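A short reminder: the numbers here are calculations on the coordinates, not readings from a lab. Quick caveat, the model's predicted, so the values are computed rather than measured. Reconstructed Cβ throughout: ideal geometry from the backbone, glycine too, with neighbour counts over all protein chains shown.
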Amino acid sequence: MTAASERDGNAMAGDLAEIFAVDLTGAVATCAGCGTPSAVAALLIWGPAPGLVARCPHCEDVVLRLVRTPDQAWLDVRGAVSLRIPMPPA
């Protein structure tokens, strides 16, 4: 991995918006590796091929993976203990 391919979690915003009804860049993922909570927008993104890999900004463990094809999306969240998603008022 090179620093030239690293971006922040906002790089996933468009793809995540197609899957979820709320903006996930403000969601907080807790890293399974070190326990640090981080906004999705603050995760370190590597990609694009074969998909986007979101790493913890504290320990650099993989938190999320997102792979898109023309007709499917795979979202792997096994590196997150939890994903706290802000919801609009009811």
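Side notes on the structure shown:
- Selection from segment 37-47 of residues that are crowded, with 20+ Cβ neighbours inside 10 Å, in a strand (DSSP E or B) and in contact with a Gly (Cβ under 7 Å, 6 or more places away or on another chain): I45
A quick yes/no check of all residues on (1) under 9 Å from the mean Cα position of the chain (by Cα); (2) aliphatic (A, V, I, L, M); (3) surrounded by 14 or more Cβ atoms within 10 Å (Cβ to Cβ); (4) on the phi > 0 side of the Ramachandran plot:
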site	(1), (2), (3), (4)
G14	no, no, no, no
E18	no, no, no, no
T30	no, no, yes, no
G35	no, no, no, yes
L52	yes, yes, yes, no
Q72	no, no, no, no
I85	no, yes, yes, no
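- Hits in segment 21-52 (condition: in contact (Cβ under 8 Å) with a residue 12 or more places away in the chain and closer than 20 Å to D71 by Cα): G47, P50, G51, L52
- Residue selected from segment 48-83 under the condition aliphatic (A, V, I, L, M) and assigned to a loop (DSSP other than H, G, I, E, B), by the criterion nearest to E6 (Cα to Cα): A49
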